[in-house]
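The values are calculated or read from the model by the stated rules, or taken from the named source; none is laboratory data. Because the structure is a prediction, the values reported are computed rather than measured. Note that we place each Cβ from the backbone using ideal geometry, even for glycine, and neighbour counts take in every protein chain shown.
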């Protein structure tokens, strides 16, 4: 009788395993009207499927030459490991990307890391921004962020001084990505970060300074149905303002959804609706690595602004297949109006190589 009972229990476990996995993948929802709270929401949100802290910016080196840089930490929660009793179970996965756009090189210099969270080797704190993989780290303290990235072919050791309050995207941080409001994220930005510190390249340390933009976003939803990827731009305006604009693209290239925010120099912020955002291609760059064509020069209409976006250099394609499984274009750009430069920032173009899968 005991053997029969054991057999029945094992059979039940096998038959119910798919349901157990489904139950484990019970992610927290993004709810409209939920108020973000700081400093808590600077930290990690492990109940959600995915999250990222995204820093992009422009630097000026010791010779006055411009460089672009990117530091990104991703956190993702696999759905089928939450009740695995093993200490080695991958309940949270952390990924980090770092890149330097140097026109003298003509291409991105980049590195990437990935690790399961735990054992003090990779962690994302919940009470404030403090995320690291080994000796790569992004952290926040009163008034500033710090980024320490000893990458393979370069190093970044930067202090990013906070000069403005968080810019809540969408409706008070609820950023809708499709007509269905369930396709949304919690999302805020920290624009106009004042950067100082040093970089190491070619075996030599040198001081740098500049401006940067930080995005922090978390969600439990995949891309909207039918979406291939997105175009996103974040611009630190020379007058102290800030602009974020994005569009979700269908597989036919059409805009499925769009949004953004424009913070004016006086601090007043206008939320931009779908019909106020338009990305118009002006020039493609075709990757010799993948053959993908990216609209690296474009015109962005965002409310009453119309900006021509021009890249610092054309080859800013990032091959992240070893970590996030995709290739995309993420590059330093200038914003011009009437032929006059009025801001600097970053342009992100995803889904041009293959449709994005999060």
Residue in segment 311-327 that is nearest to residue 76 (Cα to Cα), counting only those that are crowded, with 17+ Cβ neighbours inside 10 Å and free of Cβ contacts under 8 Å to residues at least 60 places away in the same chain: 326
Conditions (1) modelled with pLDDT of 95 or more; (2) within 13 Å of residue 230 (Cα to Cα): number failed by residue 354: (1)
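Does at least one position in segment 104-119 carry a residue that is outside any loop (DSSP other than H, G, I, E, B) and within 19 Å of residue 205 (Cβ to Cβ)?
Scanning segment 104-119 turns up at least one residue that is outside any loop (DSSP other than H, G, I, E, B) and within 19 Å of residue 205 (Cβ to Cβ).
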Selection within segment 328-358 - under 28 Å from residue 49 (Cα atoms) and surrounded by fewer than 19 Cβ atoms within 10 Å (Cβ to Cβ): 354, 355, 357, 358
Members of segment 147-164 found to be part of a loop (DSSP other than H, G, I, E, B) and under 19 Å from the mean Cα position of the chain (by Cα), listed by number: 151, 162
Selection count, segment 127-143, where residues are over 18 Å from the mean Cα position of the chain (by Cα) and either touching a residue at least 24 places away in the same chain (Cβ under 8 Å) or in a strand (DSSP E or B) (or both): 2
Any chance residue 31 is buried (at least 16 other Cβ atoms within 10 Å of the Cβ) and either touching a helix residue (DSSP H, G or I) at 6+ places or on another chain (Cβ under 7 Å) or at pLDDT 95 or above (or both): no
Restricting segment 238-254 to residues that are in contact with a strand residue (DSSP E or B) (Cβ under 6 Å, 6 or more places away or on another chain) and exposed (fewer than 15 other Cβ atoms within 10 Å of the Cβ), the residue that is farthest from residue 348 (Cα to Cα): 238
Matching residues in segment 125-140 - criterion: being under 13 Å from residue 94 (Cβ atoms) and either touching a helix residue (DSSP H, G or I) at 6+ places or on another chain (Cβ under 6 Å) or surrounded by 14 or more Cβ atoms within 10 Å (Cβ to Cβ) (or both): 125, 130, 131, 132, 133, 136, 137, 138
Top-ranked residue in segment 93-112 [being over 21 Å from residue 147 (Cβ atoms) and modelled with pLDDT under 95; ranked as surrounded by the most Cβ atoms within 10 Å (Cβ to Cβ)]: 107
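Restricting attention to segment 53-66, and to residues there that are surrounded by fewer than 23 Cβ atoms within 10 Å (Cβ to Cβ) and in contact with a strand residue (DSSP E or B) (Cβ under 7 Å, 6 or more places away or on another chain), which single residue is farthest from residue 236 (Cα to Cα)?
To start, the set of residues in segment 53-66 that are surrounded by fewer than 23 Cβ atoms within 10 Å (Cβ to Cβ) comprises 54, 60-66.
Filter once more, so that each one left must be in contact with a strand residue (DSSP E or B) (Cβ under 7 Å, 6 or more places away or on another chain): 54, 60-62, 66.
Working: 54: 15, 60: 15, 61: 19, 62: 22, 66: 15 Å.
Step by step, filter segment 53-66, then rank; the result is 62.
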